[in-house]
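Chemist: Dumping the structure here so I can ask a few things about it.
The values are calculated or read from the model by the stated rules, or taken from the named source; none is laboratory data. Please read all numbers here as calculations on a predicted model, not as lab measurements. When we count neighbours, we look across all protein chains shown, and the Cβ atoms used for this are built from the backbone with ideal geometry, even at glycine. Protein only, heavy atoms only, side chains kept; ligands, DNA and RNA dropped before computing areas. Shrake-Rupley method; radii C 1.70, N 1.55, O 1.52, S 1.80 Å.
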Amino acid sequence: MELAQRQCVPCRGGVLPVKGEALEVLFQELQDGWKMINEHHLQKDYVFPSYREALRFTNLIANLAESKGHHPELILSFRNVRVSYWTHKIDGLVESDFIMAVKRDLIHANEFPAT
């Protein structure tokens, strides 16, 4: 399916969250480290050598999220960043959450290859 090549489509509500087997198929496309919590949201923790690098990663994520209109929950603490995705308007997961998760991993791999 190549999620990294797909475009995020902001949810306007009125759609059902992805569940069951379709959700598992999407989850299999994510890199190691992602967790799916109760078929409700995706979560991954990133560790950096310094607070400055963790903050830089957070800002890169925020800029992409703003440009796509699809915003994660971000928790920055010392050298760690926790990223959580779900579609707030439907209180669950859609394909765009997975697309954005894959794009997060690409940012991390390209900008922070040593971490």
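Chemist: If I ask for residues that are open to solvent by less than 10 Å² (accessible area, probe 1.4 Å) and modelled with pLDDT under 90, which ones from the stretch 97-111 would you list?
Modeler: Of everything in the stretch 97-111, just one residue is open to solvent by less than 10 Å² (accessible area, probe 1.4 Å) and modelled with pLDDT under 90, namely Arg104.
Chemist: When the stretch 37-52 is examined, which residues are found to be within 13 Å of the chain's Cα centre (by Cα) and surrounded by 18 or more Cβ atoms within 10 Å (Cβ to Cβ)?
Modeler: Those that are within 13 Å of the chain's Cα centre (by Cα) and surrounded by 18 or more Cβ atoms within 10 Å (Cβ to Cβ): His41, Leu42, Gln43, Lys44, Tyr46.
Chemist: Under the condition of being open to solvent by 60 Å² or more (accessible area, probe 1.4 Å) and of a type outside the set (A, V, I, L, M), which residue from the stretch 67-76 is nearest to Asp97 (Cα to Cα)? Lay out the reasoning, then the answer.
Modeler: Kept after step one, since they are open to solvent by 60 Å² or more (accessible area, probe 1.4 Å), are these residues of the stretch 67-76: 67, 71, 73, 75.
Those left that are additionally of a type outside the set (A, V, I, L, M): 67, 71, 73.
Numbers: Ser67: 15, His71: 9, Glu73: 12 Å.
Looking at residues that are open to solvent by 60 Å² or more (accessible area, probe 1.4 Å) and of a type outside the set (A, V, I, L, M), I get His71.
Chemist: Pairs please, first residue from the stretch 75-88 and farther than 23 Å from Pro17 by Cβ, second anywhere and among the β-branched types (Val, Ile, Thr) and open to solvent by 40 Å² or more (accessible area, probe 1.4 Å), Cβ atoms under 8 Å, 6+ apart in sequence or on different chains.
Modeler: Every condition considered, the pairs that remain are Arg79/Val47; Asn80/Val47; Val81/Ile75.
Chemist: Say we look at the stretch 77-91 and pick out the residues that are closer than 20 Å to Ala109 by Cβ and of a type in the set (D, E, K, R); which of these is surrounded by the fewest Cβ atoms within 10 Å (Cβ to Cβ)?
Modeler: Here the residue is Arg82.
Chemist: Now for a different question. Being surrounded by 14 or more Cβ atoms within 10 Å (Cβ to Cβ), of a type outside the set (D, E, K, R), under 16 Å from Val102 (Cβ atoms) and touching a Leu at 6+ places or on another chain (Cβ under 8 Å) narrows it down to one residue among Leu55, Leu26, Leu64; which is it?
Modeler: Working: Leu55 fails: under 16 Å from Val102 (Cβ atoms); Leu64 fails: touching a Leu at 6+ places or on another chain (Cβ under 8 Å).
Of the residues listed, the single one that is surrounded by 14 or more Cβ atoms within 10 Å (Cβ to Cβ), of a type outside the set (D, E, K, R), under 16 Å from Val102 (Cβ atoms) and touching a Leu at 6+ places or on another chain (Cβ under 8 Å) is Leu26.
Chemist: Using beta carbons and a limit of 9 Å, which pairs, at least six apart or on different chains, have the first residue in the stretch 37-56 and under 20 Å from His71 (Cβ atoms) and at pLDDT 95 or above and the second one basic (Lys, Arg) and surrounded by 13 or more Cβ atoms within 10 Å (Cβ to Cβ)?
Modeler: Pairs that qualify, where the first residue is under 20 Å from His71 (Cβ atoms) and at pLDDT 95 or above and the partner is basic (Lys, Arg) and surrounded by 13 or more Cβ atoms within 10 Å (Cβ to Cβ), are Gln43/Arg82; Lys44/Arg82; Lys44/Arg104; Asp45/Arg82; Tyr46/Arg82; Tyr46/Arg104; Ala54/Arg79.
Chemist: In addition: Are any of the residues in the stretch 66-76 more than 11 Å from the chain's Cα centre (by Cα), farther than 16 Å from Leu106 by Cα and among the hydrophobic types (A, V, I, L, M, F, W, C)?
Modeler: The answer is yes, given that some residue of the stretch 66-76 is more than 11 Å from the chain's Cα centre (by Cα), farther than 16 Å from Leu106 by Cα and among the hydrophobic types (A, V, I, L, M, F, W, C).
Chemist: Identify, please: which residue in the stretch 1-23 is aliphatic (A, V, I, L, M) and at pLDDT 85 or above and is, among those, farthest from Ile99 (Cα to Cα)?
Modeler: Residue satisfying both the conditions and the ranking: Leu16.
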